[in-house]
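Comments concern the structure below.
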Amino acid sequence: MKTIATKKAPAAIGPYSQAYTANGFLFTSGQVPLNPETGEIVGSTIAEQAEQSCKNIGAILEAAGTDFSKVIKTTCFLADMKDFAAFNAVYEKYFVSKPARSCVAVRELPKQVLCEVEAIALAE
């Protein structure tokens, strides 16, 4: 196993890592819409927050030597399922290979953000 860490994505704010590679796979922690430089939440709309969450995933993919085309599975968490269509409009710009996905509404997310995204990708 190898820990993946990059300053281009938010630092872990708890007892976890940004990501790990193991047996040719990358497993990311959930990424919320935090600016990696300031630690502040980016945006107030689901579109703005989804954009930053996806950018954070992209930075971790890059740090692991992989990219969005190698993502196999995502799990997406929304604070409100009414944001589903707007979230998808942003998500589909990044995850063009259409990986397998679960998308669920949750009662609350850290820092009261509107979305969180995690991914599993090939990391060869």
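The values are calculated or read from the model by the stated rules, or taken from the named source; none is laboratory data. Remember, predicted model here, so these are calculated numbers, not experimental data. With ideal geometry, Cβ positions are generated from the backbone for all residues, glycine too; neighbour counts draw on all protein chains shown. Just so you know, the surface numbers come from the protein's heavy atoms only, side chains and all, with ligands and any DNA or RNA stripped out. Shrake-Rupley method; radii C 1.70, N 1.55, O 1.52, S 1.80 Å.
List of remarks:
- For A85 and E124, a Förster radius of 35 Å and the Cβ-Cβ distance give a FRET efficiency of 0.55, rounded to the nearest 0.05.
- DSSP bridge pairs, the chain: antiparallel proportion in percent, nearest 5: 75
- Within the chain, C54, C115 have no other Cys Cβ under 4.7 Å of their Cβ and so lack a disulfide-compatible partner by this rule.
- Lys/Arg +1, Asp/Glu -1 at C-beta; the chain dipole; positive extreme among A11, V32, L122: L122
- Ordered by solvent-accessible area of protein heavy atoms (1.4 Å probe), largest first, the residues V32, V96, V106 come out as V96, V106, V32.
- Evaluated with a Cβ-only charge set (Lys, Arg +1; Asp, Glu -1), the chain carries a dipole of roughly 260 debye about its Cα centre, given to the nearest 20.
- Stokes-Einstein D in µm²/s, Kirkwood radius over Cα pairs - segment 1-64 at 25 °C with 0.890 mPa s viscosity: 206
- For segment 1-16 versus segment 45-124, the spacing of their alpha-carbon centroids is 17 Å.
- Each Cα pair under 8 Å and six or more residues apart adds its sequence gap; the mean of these over the residue count of the chain is a relative contact order of 32 percent.
- Close Lys pairs in segment 1-99 (alpha-carbon distance under 20 Å; sequence gap of 8 or more, or different chains): 15.
- C103 sits with roughly 30 Å² accessible to a 1.4 Å probe, with DNA, RNA and ligands left out of the calculation.
- Relative contact order for segment 1-40, counting Cα pairs under 8 Å that sit 6 or more residues apart, in percent: 41
- Per-residue ellipticity at 222 nm computed for the chain from its helices equals -7500 deg cm²/dmol, with DSSP H segments shorter than 4 residues left out and the rest contributing -39,500 (n - 2.57).
- Heavy-atom surface analysis with a 1.4 Å probe gives the chain a carbon and sulfur content of 54 percent of its accessible area.
- Per residue, the accessible area of the chain comes to 54 Å², computed with a 1.4 Å probe over protein heavy atoms only.
- Isotropic mean projected area of the C-alpha convex hull, the chain (nm²): 6.9
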